[in-house]
Each structure stands twice: as C-alpha cells, then as structure tokens.
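Read the structure below first, then the notes.
Laboratory data are not the source of any read-out in this text; all were calculated from the coordinates shown. All values reported here derive from a predicted model rather than from experimental measurement. In this analysis, Cβ positions are derived from the backbone assuming ideal geometry, glycine residues included, and neighbour counts consider all displayed protein chains.
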Amino acid sequence: MSLWNRIAGEFIDVIEWTSDDRATMVWRFERHGNAIKYGAKLTVREGQAAVFIHEGQLADVFPPGLYMLETNNMPLLTTLQHWDHGFKSPFVSEIYFVSTRRFQDLKWGTKNPIILRDPEFGMVRARAYGTYSIRIADPGLFMTEIVGTDGAFTTDEISFQLRNVIVSRFSNALANSGIAVLDMAASTDELAELLRKRIAPELAAYGIETPALLIENISLPPEVEKVLDKRTAMGIVGDLGKYAQFQQAEAMRAAADQPGSAMGAAIGMGMGAGMGAQAAAGPWGARPHAPPPPPPPEKVWHVAEAGQTKGPFSRADLGRMAASGELKRETLVWTPGAEGWTQAADFAELAQLFTVMPPPPPPAP
C-alpha cells in the first residue's frame, strides 16, 4: 500500500450529527485539518441542514438527505476549489450542522417598568413577561450574520439579543396600543400576535423566524394592585351600610358566644331590646322616612329708581310696594340670573302682583 493510500484511509468518509442536545443551534464537524475524503457520505437528518464553509466563504447548504461529496453535486465548491472533472483528492473545508427545529420555551421579560397613559387611572407603570420560540429559516444567512466561526453555538448566545429586540418592540406596542389596564388580560393574545409580526422583519435579517410568542402576564406595581383589590372588594360588598351592619352583627355574635363575659351579656341585652323594637314595628320592620328636601332659595330683587339702586327686596316686599304704588309695571328691576334691568311686568312672578291690584277708587261725590 502506498503512502498516499495510507493517508487517504485516515480521512473520514461518514459525516453526520447525532447529538440530542436541545440547546445547540450550530455544531461544527471536527476533523484534524478539516480534511474530508472525496466521495464521503454526508447524512443530514430531518430538522438539520449542513453548511459548507471553504476558505472563509459559504460554499453550499445541504437540506435533509444523504449525499456523496463529489464535484458533480457541489458545483459552487468545485468553482471555489478550481477542480477539474475526475480529480479525487481530499479537500479541506469546514462543515457546520445547523438545527432547523423549533427552540421552545425561551423566556423574555421587561427589566424596567413601562410607563402607560391609562384612560381610567392616568399614568401607570406595567411589567410583562412571557415565552417565545425560534427556528432557523435560512441556515446560510444565520451562519453569516450570527455564528461566524463559533463551533458550538447555543441558544444562550443569542437569547439575550432576541430578548432586547422583543422587549423594545413590546414597550412601544403596549404604550401605543391604547388598551386600558383593566382590559390587558383579555388582550394578551392580540398584543402577542402584534408583537410577533412587528419583530419578524428584524429576525428575518438574521435568518430566524418566530413561530410563536406568548405574553404570560402583565403586572402593575404592588401599590396599584392593592388599590385595585380594594376597589374590587368594594364592588363585591355592594351596599357599604348593610355590610357594616353585618360586620357589627358578626362581632356582637362572637362576643356573645364568650361564656361568662360581661360584654357578651350586655350585647345580648342590647340585641334583645333591638329585637323587641323590631317586633313592635311589625313583621316587616319600620323603615325611616326620608327627610323632605330643603325649600328652594327665595329670589331677591333690586329696583332702579332715579338712577339709584334699591334692595334687595323679597317678592313679598315688592307686593307691598305694588299695592302702595311705589312699584309699577314699567319699573326696572333685576334679580340674579337675569340678563339685565327689565320692566317688572316682564317677569311672570312679578306680573301677578299687578293683576291682583284693585282698580282705582271712584271719585268722591
């Protein structure tokens, strides 16, 4: 056996990736000197792609399948290597296996709260977190833009960058959505889909797509949540007066249950007196009558006479003045709410004062 045959026999002729690591996105096939035998078998399984890098340039991308590494099925690599047909020497290239399956359950969340303008609560701060999945859609572009020469590229190396993109776009989408804080829980699916579509062009520039993105929770600061809890409790309680009576009755019952307690005895006597009063009021109890509403405030009037203002006068005062002749129909009067000085007869409530006046007395005989 010649020296060349012994050296050629050292070159590997089966190239594959069978690791079950769920976090590795790209793995470089390691071989001393990167020497690959001409005619070697390349096995690319479902959920994988094989990328050939030759002298720093992307040569070929192989989808799932079984391949014989020969010049007739690697035209681009042949052009780069300047091989002639039939030349069967080993070639030196790097082979990267790229996982094209989904990488699930990646986490994202806002480090700092997002300031929102809520129509009901005004300015509020909100935080959010969720999960997302990614998939390498273009292995060649992903190798060129992200991986470079990394021989074992994992999700940890890109998740930080993706989280920054998601959080930045989510903050903008949430702040401009106009969705009320109380309605956000019912709108998480809508916001998530809006966010997924918004980040899609940016991830596509890296050769990545996002099949799914979820918003698990949108939370408010603890002090705001406490206020919301109180408002919810008030809504559940309903009539605060009846609730206070119920609480008082419960406290009295608990005190009365204490054996030998003087307070319990006193409360029991009070409850008995109350029950007696209720029985005397009838089977349905006596309901207190609501007090009558206060009377409307009486108008006051001002009278203009000889360039001077007199008053204020009540309507009764004006009635006496009309009876004595001091107030006539054409006398100018004013009351708060009137547009200006107006003749007394033009006010309906004053015109009645002149209609009930007796006619002038007959002349003396």
Ratio for the range 168-220, C-alpha Rg to 2.2 N^0.38 Å, reads 1.19
In whole angstrom, largest first, the equivalent ellipsoid semi-axes that the Cα gyration tensor gives for the range 94-163 are 36, 11, 10
In vacuo Debye sum over C-alpha of the range 301-355, base-10 log of normalised intensity I(q)/I(0) at q = 0.14, 0.23 Å⁻¹, listed in q order, is -0.29, -0.84
Placing +1 on each Lys and Arg Cβ and -1 on each Asp and Glu Cβ in the range 301-355, then taking the dipole about the Cα centre, the residue among THR331, TRP341, THR355 whose Cα reaches farthest towards the positive end is THR355
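For the range 103-224, what does the convex hull of the Cα positions come to per residue, in cubic angstrom?
97
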Answer in debye to the nearest 20: the dipole magnitude of the range 111-217 about its Cα centre, from +1 Lys/Arg and -1 Asp/Glu charges placed on Cβ, is 300
HN-Hα couplings for the range 339-352 via Karplus (6.51, -1.76, 1.60; θ = phi - 60°), in whole Hz with x for Gly/Pro, come out as 6, x, 5, 9, 4, 4, 5, 7, 8, 4, 6, 9, 4, 5
